[in-house]
Amino acid sequence: MSDVTAQLQNAIQLHQSGCLDEAGEAYGDILRTDPGHADAHHLLGLLAFQRAAFDEALDLIDTAISLHPEATMYHSNRGRVLKAAGENRAAVSAFARALYLQPGDPATLSDLAGAHLDSGEPEIAMLFAKRAVELGPDLAPANYNHGLAATALKQFSSAQLAFERCVELAPHFAPALFELGRLHQAKNNDDLAETYYRSAIAADPALFEAHANLGNILRIRSMLEEAVFHYDAALAEAPDHAAVHGNRGVALQELGDPVGALSAYDRALLLDPENAETQRNRAQVLLQMGRLPEGWAAFEWRWKTQHFKSIYRDWSCPQWDGRIHANATVLVHAEQGFGDTIQFARYLPAMATRVRRVLVECPAPLTKLMAWCAGVDDVIATASPLPSCDYHIPMMSLPGAFATNLDTIPRNVPYLAVPSELRDAWSERVGGQGQFRVGVVWKGSHYHQRNTWRSPGLAAFRPLFDVQGVHWVSLQKDDEASDMRTLRMTSKLVALGGRLRDFSDTAAAMAHLDLIISPDTAVAHLAGALGRPVWLLLPHVAEWRWLMARDDSPWYPTMRLFRQHTRGDWTEAIGRMAADLKDVVGTKS
């Protein structure tokens, strides 16, 4: 064995054992002895590639190719360096040259497929990937690139089979595990997606997207602390990724850390100022913190989010800005939930002092109620033809138009009313004359994204029903009969929910109640707007409108707030409510 051959074997051993500095010195020694040693140039180029010194790597590999132009491996590795450097077209040429020198090589065919994918040519990539799998069915990277090409072509079943074959051949192939996670997440199969993401991270803890996507799944499942952990892990790899900062902000907000959430949103917006979702989320944190003027201004970003784009309408008239226009007709249109419309209807009487006519467009179940609001000239049910108007304004833009801060919230209640004849019609239905009458709702709409978060359910209310001297009335619309039957509560409650045709009926029933108890639903808003005593059960981190750490509401003077002290545990809050209810009933007896 020649000295140079022995030196090369020693250098390769150092290289393979991770002693890169020592290996580099050994390759250099060879080149000082033999400047035309092609393998030493090539291997020194690979060492530079490992250090992400792409230009240096290419220079060294190009020198090796000039010395030995027929070496297939040199061209293949030149393609890999070019691909890593983002020079995709040049990488295609390098791999094509390698394939010319060694036709039918599965690894080179696979590399060509990957380069064409990165060049935005999935159809060509698929041809090479299929051929690579045909000639090398047990080659994991070939199956992986086949899966990527199929994904790009929206052939998702084929993609899944290809990635599964890749993982079968190489169980710790992190990119394929990640792609399987992403495919299952797209199918809303979050259990499998989570499993694959965790496996991908175990195989490669630096896999940024696996951490980010797993964080999203965990956040949706309210596993918030772990979600933040994975967002942090993702940002350790890609600190300037705006979307991850934004999602981290949502998790912190739901954890009850508004300061941390605001910081995360600010970082996200520094990187991506036009992101409407982040702007809207940031607005809600500002509102939750009581920074109302800033929050109202930022909340206008909602119309650029995906959800609001679907309900956005192109108005022919300008948006009203709160100024006096004595001869103007202004259309106020509801935009979100029933509760939002009820809450912000408080501005309609004040509007009537600034403009000539106030028109309100709202969902049909609210039309009677809105028609009885002071200052309203006409009410139009949603989807009905609209009259002409000079200005329009979304209902939830009214606080901003009135420059509302915590001290100027309109607090005059009731601002909604019920005609006496309707109110009287519900007296006998409510029943319980002479007793302490309590109306109860135990859950909100199934369509609300956070319904399970905010709704205790009927079973959680059992301690309340043990309080003696109370005539209980159900105002629950959804699932009233089935919930009461399942929990054997039919003898405890007068079931009125199924008889309520709209919110005017609910309002009429409330007129005969001494107290309304509800989670965060439209019924609670209605009780507050009518000036009825209302106890509101709130999750550990409530919506922005309820602010933080207070047991009253500046929006509704007759409302008391009962907050969870531990996320997901209603027992303590309902226990406090039951004790207070017992005291109240005792004083009324």
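The values are calculated or read from the model by the stated rules, or taken from the named source; none is laboratory data. These numbers come from a predicted model, not from an experiment. No Cβ is skipped: glycine too gets one built from the backbone with ideal geometry, and neighbour counts run over all protein chains shown.
So which of 303, 296 ends up being out of contact with any helix residue (DSSP H, G or I) (no Cβ under 7 Å at 6 or more places or on another chain) and not acidic (Asp, Glu)?
On the way: 296 fails: out of contact with any helix residue (DSSP H, G or I) (no Cβ under 7 Å at 6 or more places or on another chain).
303 is the lone residue from the list that is out of contact with any helix residue (DSSP H, G or I) (no Cβ under 7 Å at 6 or more places or on another chain) and not acidic (Asp, Glu).
Listed here are the residues, each with its yes/no results for (1) at pLDDT 95 or above; (2) out of contact with any His (no Cβ under 9 Å at 6 or more places or on another chain); (3) aromatic (Phe, Trp, Tyr); (4) farther than 27 Å from residue 256 by Cβ.
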site	(1), (2), (3), (4)
171	yes, yes, no, yes
222	no, yes, no, no
225	yes, yes, no, no
230	yes, no, no, no
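Within the range 309-344, can you find the residues that are of a type in the set (Asp, Glu) and farther than 17 Å from residue 362 by Cβ?
Narrowing the range 309-344 to residues of a type in the set (Asp, Glu): 314, 321, 335, 340.
If the condition is that a residue be of a type in the set (Asp, Glu) and farther than 17 Å from residue 362 by Cβ, then 314, 321 are the ones that fit.
Looking for whichever is closer than 23 Å to residue 580 by Cα and at pLDDT 95 or above here; the options are 508, 527. Which one fits? Give the steps one after another, and end with the answer.
Numbers: 508 fails: closer than 23 Å to residue 580 by Cα.
That would be 527, the only listed residue that is closer than 23 Å to residue 580 by Cα and at pLDDT 95 or above.
Give, as residue ranges, the helices (runs of 4 or more DSSP H) completely inside the range 60-142 that count at least 2 residues that are farther than 16 Å from residue 162 by Cα, in the same structural domain as residue 42 (by TED's automatic domain parsing) and at pLDDT 95 or above.
none
Those residues that are modelled with pLDDT of 95 or more and among the small types (Gly, Ala, Ser), I need them from the range 543-589; list them, please.
Listed by number, the residues that qualify are 553, 573, 575, 578, 579.
Quick one: which helices (runs of 4 or more DSSP H) lie wholly within the range 490-589 and hold at least 3 residues that are closer than 19 Å to residue 465 by Cα and touching a residue at least 60 places away in the same chain (Cβ under 8 Å)? Step through it out loud before you land on a result.
Details: elements: 503-510, 522-529, 571-588.
Ranges flagged: 571-588.
Given the criterion touching a residue at least 24 places away in the same chain (Cβ under 8 Å), buried (at least 18 other Cβ atoms within 10 Å of the Cβ) and in the same structural domain as residue 472 (by TED's automatic domain parsing), identify the matching residue among 376, 430, 360. First the steps, then the outcome.
Working: 376 fails: in the same structural domain as residue 472 (by TED's automatic domain parsing); 360 fails: in the same structural domain as residue 472 (by TED's automatic domain parsing).
Sole residue among the options that is touching a residue at least 24 places away in the same chain (Cβ under 8 Å), buried (at least 18 other Cβ atoms within 10 Å of the Cβ) and in the same structural domain as residue 472 (by TED's automatic domain parsing): 430.
Quick one: residue 52 ticks every box in (1) assigned to a helix (DSSP H, G or I); (2) at positive phi bar one, so which box is it?
Of everything listed in (1) assigned to a helix (DSSP H, G or I); (2) at positive phi, residue 52 misses just condition (1).
Under the condition of being closer than 19 Å to residue 65 by Cβ and of a type in the set (Gly, Ala, Ser), which residue from the range 1-55 is farthest from the chain's Cα centre (by Cα)?
36
Consider residue 157 against the criteria (1) more than 22 Å from the chain's Cα centre (by Cα); (2) farther than 20 Å from residue 146 by Cβ: it satisfies all of them except one. Which criterion is unmet?
(2)
Is it the case, given these coordinates, that residue 248 is of a type in the set (D, E, K, R) and buried (at least 22 other Cβ atoms within 10 Å of the Cβ)?
Numbers: of a type in the set (D, E, K, R): yes; buried (at least 22 other Cβ atoms within 10 Å of the Cβ): yes.
Taking the combined requirement at face value, the residue satisfies it.
Please verify whether the range 3-13 includes one or more residues that are assigned to a helix (DSSP H, G or I), more than 25 Å from residue 91 (Cα to Cα) and charged (D, E, K, R). Let's see the steps before the verdict.
Here is the first cut: in the range 3-13, the ones assigned to a helix (DSSP H, G or I) are 3-13.
Those still in the list that are more than 25 Å from residue 91 (Cα to Cα) too: 3-13.
Add one more test, that the residue is charged (D, E, K, R), and what stays is 3.
Within the range 3-13 (the criterion being assigned to a helix (DSSP H, G or I), more than 25 Å from residue 91 (Cα to Cα) and charged (D, E, K, R)), the answer is yes, since at least one residue qualifies.
Quick check on this structure: which one of 106, 122 is buried (at least 18 other Cβ atoms within 10 Å of the Cβ) and in contact with a Gly (Cβ under 6 Å, 6 or more places away or on another chain)? Before you say what the answer is, go through the steps one by one.
On the way: 122 fails: in contact with a Gly (Cβ under 6 Å, 6 or more places away or on another chain).
Being buried (at least 18 other Cβ atoms within 10 Å of the Cβ) and in contact with a Gly (Cβ under 6 Å, 6 or more places away or on another chain) holds for just one of 106, 122, which is 106.
Name the residues in the range 332-347 that are closer than 18 Å to residue 387 by Cα and surrounded by 23 or more Cβ atoms within 10 Å (Cβ to Cβ), would you?
Hit for the range 332-347 is 332, nothing else.
Select, from 230, 184, the only residue that is closer than 22 Å to residue 275 by Cβ, surrounded by 17 or more Cβ atoms within 10 Å (Cβ to Cβ) and touching a helix residue (DSSP H, G or I) at 6+ places or on another chain (Cβ under 9 Å). Lay out the reasoning, then the answer.
Values: 184 fails: closer than 22 Å to residue 275 by Cβ.
None of the other options fit; the residue is 230.
For the range 403-410, check the following and say yes or no: at least one residue is part of a helix (DSSP H, G or I), closer than 30 Å to residue 320 by Cα and at pLDDT 95 or above. Explain how you work it out, then say what you get.
Residues of the range 403-410 that are part of a helix (DSSP H, G or I), as a first pass: none.
No - not one qualifying residue is present in the range 403-410.
Out of curiosity, is residue 299 buried (at least 17 other Cβ atoms within 10 Å of the Cβ), within 26 Å of the chain's Cα centre (by Cα) and in the same structural domain as residue 371 (by TED's automatic domain parsing)? Break it down into steps so the answer makes sense when it comes.
On the way: buried (at least 17 other Cβ atoms within 10 Å of the Cβ): yes; within 26 Å of the chain's Cα centre (by Cα): yes; in the same structural domain as residue 371 (by TED's automatic domain parsing): no.
No; evaluated as a whole, the condition is false for this residue.
Of (1) surrounded by fewer than 22 Cβ atoms within 10 Å (Cβ to Cβ); (2) charged (D, E, K, R); (3) over 28 Å from residue 305 (Cβ atoms), residue 154 satisfies all except one. Which?
Among (1) surrounded by fewer than 22 Cβ atoms within 10 Å (Cβ to Cβ); (2) charged (D, E, K, R); (3) over 28 Å from residue 305 (Cβ atoms), the lone unmet condition for residue 154 is (3).
Using the structure shown, decide if residue 54 is in contact with a Lys or Arg (Cβ under 9 Å, 6 or more places away or on another chain) and among the aromatic types (Phe, Trp, Tyr). Walk me through it before giving the result.
Details: in contact with a Lys or Arg (Cβ under 9 Å, 6 or more places away or on another chain): no; among the aromatic types (Phe, Trp, Tyr): yes.
Against the criterion (in contact with a Lys or Arg (Cβ under 9 Å, 6 or more places away or on another chain) and among the aromatic types (Phe, Trp, Tyr)), residue 54 does not qualify.
Has the range 476-484 got at least one residue that is at pLDDT 95 or above, of a type outside the set (Ser, Thr, Tyr) and either farther than 24 Å from residue 580 by Cα or under 36 Å from the mean Cα position of the chain (by Cα) (or both)? Spell out how you get there, then give the answer.
Of all residues in the range 476-484, those at pLDDT 95 or above come to 476.
Going one step further and asking which of them are of a type outside the set (Ser, Thr, Tyr), we end up with 476.
Those left that are additionally either farther than 24 Å from residue 580 by Cα or under 36 Å from the mean Cα position of the chain (by Cα) (or both): 476.
Taking every residue of the range 476-484 in turn, at least one turns out to be at pLDDT 95 or above, of a type outside the set (Ser, Thr, Tyr) and either farther than 24 Å from residue 580 by Cα or under 36 Å from the mean Cα position of the chain (by Cα) (or both).
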